[in-house]
Amino acid sequence: MNETAASAEVFLNPGDFHFGAETRRIHTLLGSCVAITLWHPVLRIGGMCHFMLPSRSRQEGGELDGRYGDEAVQMFLCEIDKFDTRPSEYQVKLFGGGNMFKDFSSSTVASVAQRNAEAGADLLRQNGFCVECEDVGGNGHRRVIFDLRDGNVWVKHEKN
């Protein structure tokens, strides 16, 4: 996680994760990767992850890695447990999975983006989260800004 000098802004690189109750905005830039935002409207806590792939083979008890969707969701579950809350209490949004190479829509690269988006939605459902809205697929990349003060999320599409 990289933070600006003022610590009011947090920028997530691929594999980064941030969760808290601060008055911050979290930013990321997505291509085929996926971001998930969670926000608890009563406690005013939340976070964002930026994962690159749906999963990996991981040894039991190994450290969680935010580059993988299944592990990023586990990181969220660990955080919300600290606040004695449940997945169903959160406003959940899903972004990304964009095809970065529009001329190769049937390529392996495009299918990675689609698998990421599908995995994100499936992992959230399997763990008791309800996705309120999503902006996935398509061509090009997205800038995502999530404000922890009020739960608002802004997305700007930028075509290749």
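Only one entry in G137, G120, G151 is of a type outside the set (S, T, N, Q), more than 17 Å from E89 (Cβ to Cβ) and crowded, with 16+ Cβ neighbours inside 10 Å, namely G120.
Scan region 47-62 for residues that are among the small types (G, A, S) and either crowded, with 18+ Cβ neighbours inside 10 Å or touching a residue at least 24 places away in the same chain (Cβ under 8 Å) (or both) and jot them down.
Taking region 47-62 first, the residues among the small types (G, A, S) are 47, 55, 57, 61-62.
Correct list: G47, S55.
You will find that of R125, R149, R142, the residue that is assigned to a strand (DSSP E or B) and either under 20 Å from R67 (Cα atoms) or in contact with a Ser or Thr (Cβ under 7 Å, 6 or more places away or on another chain) (or both) is R142 and no other.
Among residues of region 97-117 that are among the β-branched types (V, I, T), those with a Cβ under 8 angstrom from a residue that is at pLDDT below 90, sequence gap 6+ or separate chain, pair up as V109/N99; V109/M100; V109/F101.
The residue that is nearest to H157 (Cα to Cα), counting only those in region 48-107 that are of a type in the set (V, I, T) and over 10 Å from the mean Cα position of the chain (by Cα), is I80.
For region 2-24, does any single residue satisfy the condition of being outside any helix (DSSP H, G or I), basic (K, R) and at pLDDT 95 or above? So far as region 2-24 goes, no, none of its residues is outside any helix (DSSP H, G or I), basic (K, R) and at pLDDT 95 or above.
The values are calculated or read from the model by the stated rules, or taken from the named source; none is laboratory data. This structure is a prediction, so every number in the text was calculated from the model and none was measured. Cβ sites come from the backbone with ideal geometry, for glycine too, and all protein chains shown count toward neighbours.
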